[in-house]
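One structure is given here, and the rest of the page talks about it.
The values are calculated or read from the model by the stated rules, or taken from the named source; none is laboratory data. Everything numeric in this text was worked out from a predicted model, so none of it was measured. Virtual Cβ from ideal backbone geometry, glycine too; neighbours counted across all protein chains shown.
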Amino acid sequence: MTGARVFGGVLLALGLIALVATLGVGDGWEASGPRLAPVVSAVGLVLLSAAFLVWPGADLAEYVAEASEGTNWSTPALLVALLVGYALSLDVVGYALATAIFYWLATWLLGSRSPVRDVIIGVLIGVITSYAFSQWLNVQLPNGPWGV
């Protein structure tokens, strides 16, 4: 129980630091501005960590022990490695292609049995998200060598 409260306190401190830091960013509270989303996230972290400090859960340690018994730790480790590879490949191959490859490999690691469907969904997610960010939000994601 003490470890959970310490963890909640650390999260609360990080949330407060993030909140103070984001209040100094930008000038307005526009939805597309640089301040609103980070402040909302920081406030959410502060509220959830405060709730975790007040009630860390009586059965938390028991649940964690039970959940970790049947966990195959190679899958989360491979997903973390895949995520690092995704982050490193964004500038090289572009957002759309990197996202399509990441989605396909992540679904394969998690046991999907429909690779063709996964490739199609990955390509759609990458292209539609890239288009939405560039055209509607005016945020340019990495294009890569193919301009996609």
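Data overview
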| quantity | calculated |
| --- | --- |
| Odd one out for Val39, checked against (1) surrounded by fewer than 12 Cβ atoms within 10 Å (Cβ to Cβ); (2) β-branched (Val, Ile, Thr); (3) under 30 Å from Tyr103 (Cα atoms) | (1) |
| Pairs where the first residue, in the range 123-143, is in contact (Cβ under 8 Å) with a residue 24 or more places away in the chain and the second is acidic (Asp, Glu), C-beta under 6 Å, 6+ apart | Pro142/Asp91 |
| Failed item in (1) surrounded by 10 or more Cβ atoms within 10 Å (Cβ to Cβ); (2) outside any loop (DSSP other than H, G, I, E, B), with Ser68 passing the rest | (1) |
| Among the residues listed as Val92, Val84, the single one being over 30 Å from Val6 (Cα atoms) and at pLDDT 90 or above | Val92 |
| Every residue from the range 24-58 that is at pLDDT 85 or above and of a type in the set (A, V, I, L, M) | Val39, Val40, Ala42, Val43, Leu45, Val46, Leu47, Leu48, Ala50 |
| Residues (within 21 Å of Gln140 (Cα to Cα) and either outside any helix (DSSP H, G or I) or of a type in the set (Gly, Ala, Ser) (or both)) located in the range 94-130 | Gly94, Ala96, Ala98, Ala100, Gly122, Gly126, Ser130 |
